[in-house]
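To start, the structure under review is shown below, and the notes come after it.
The values are calculated or read from the model by the stated rules, or taken from the named source; none is laboratory data. Source: prediction; values computed, not measured. In this analysis, Cβ positions are derived from the backbone assuming ideal geometry, glycine residues included, and neighbour counts consider all displayed protein chains.
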Amino acid sequence: MKKVLITGAAGFLGSHLCDRFIKEGYSVIGMDNLITGNLKNIEHLFPLKEFSFYHHDVSRFIHIPGELDYILHFASPASPIDYLKIPIQTLKVGSLGTHNCLGLALNKKARILVASTSEVYGDPLVHPQNEDYWGNVNPVGPRGVYDEAKRFQEAMTMAYHTYHGVETRIVRIFNTYGPRMRLNDGRALPAFIGQALRGEDLTVFGDGSQTRSFCYVADLVEGIYRLLLSDYSQPVNIGNPDEISLLDFAKEIIQLTGSKQKIVFRPLPADDPKQRQPDITRAKEILGWAPTINRAEGLKITYEYFRSLPEEELKKEHLVFANKKGNGMSK
């Protein structure tokens, strides 16, 4: 039985990856420091002999006994509300955490896939974004801690590939949604649905003309699985090219939820990307992958998940505390 380590295992994407690899017959080691992850996302896996969990910060030395075939490095805060509260930890998990995972891959002769992001393109001057575009990122802006952590992660990964010969894969993830997202993680989709469920007006930043392209989580996981098992070491975009403005998206959510609330406008945050749309030509040609779940179908499933949450979950604000030494604690 092949063994895979998944960092960030208690997070939204990490937990779905744990499910997929268990289903495919792997032995799965989940690792998470639980700053932004939630054990509820993986508690259904704890009774399984194929699953084990390490409560550990990958920014510190990683020790895994025995053989290891694959590593999926998904540990990182992934939404502005998180990485603006814990900027140092965000930088550390993208740099030190990636370094530790790559060192482990080298030691174990394991193949590693790292989770990069469409944020490496910054506020893009090329549309749609393909993998050859180098991006337009403000390294000292509020989002720079995430953008540059991921850009450094890619550079470090390629260095281990070229210098040490480590088998590496890089996935650039575009906006993804589905069950197990946090309602209060600050991103547009859960924010809109959360506001609708609480009977609040939906908040659109700027004039709402900025665009996003939303990919359902099952499609993303399929793309990641194919990329891991491929022979391709350059970055690959995985996302859904179906682009929509945030104003139109807010209207879709109002229609979906039957909300009577109105849309209100707030100033656009600094360095907020104006356009997001993946060019997935590379994924189609190399992986034979394209999304299969349309937004209407995916949103229904996601809305039902959010609607099933306890009422206190709808009202709860996610608070992340970080002490001055840079060790994160979730309370």
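Output the residues belonging to the stretch 142-177 that are farther than 27 Å from Val217 by Cα and in contact with a strand residue (DSSP E or B) (Cβ under 9 Å, 6 or more places away or on another chain).
Tyr160, His161, Val166
Which of the strands (runs of 3 or more DSSP E) found entirely inside the stretch 39-143 contain at least 1 residues meeting this: charged (D, E, K, R)?
So the answer is 111-117.
Are any residues in the stretch 159-168 crowded, with 16+ Cβ neighbours inside 10 Å and out of contact with any Lys or Arg (no Cβ under 7 Å at 6 or more places or on another chain), and if so, which ones?
Tyr160, His161, Val166, Thr168
Being farther than 23 Å from Asp147 by Cβ, out of contact with any Cys (no Cβ under 9 Å at 6 or more places or on another chain), modelled with pLDDT of 95 or more and hydroxyl-bearing (Ser, Thr, Tyr) is true for just one of Thr257, Thr281. Which residue is that?
After ruling out the rest, the residue left standing is Thr281.
Inside the stretch 40-66, can you point out the residues that are within 27 Å of Ile88 (Cβ to Cβ) and among the charged types (D, E, K, R)?
Matches in the stretch 40-66: Lys40, Asp57, Arg60.
Say we look at the stretch 5-47 and pick out the residues that are in contact with a Cys (Cβ under 6 Å, 6 or more places away or on another chain) and under 15 Å from Asp69 (Cβ atoms); which of these is surrounded by the fewest Cβ atoms within 10 Å (Cβ to Cβ)?
Val28
Which pairs have Cβ atoms under 6 Å, sit 6 or more apart or on different chains, and link a residue in the stretch 274-285 that is without any contact (Cβ under 8 Å) to a residue 40 or more places away in the chain to one that is surrounded by fewer than 22 Cβ atoms within 10 Å (Cβ to Cβ)?
Every condition considered, the pairs that remain are Lys284/Ala290.
Here is a check on your reading of the model: is Gln210 touching a residue at least 40 places away in the same chain (Cβ under 8 Å), closer than 19 Å to Ser79 by Cα, of a type outside the set (Asp, Glu) and out of contact with any Gly (no Cβ under 9 Å at 6 or more places or on another chain)?
yes
Of all residues in the stretch 202-245, which are polar (S, T, N, Q), crowded, with 19+ Cβ neighbours inside 10 Å and closer than 22 Å to Met158 by Cβ?
Residue satisfying the conditions is Asn237 alone.
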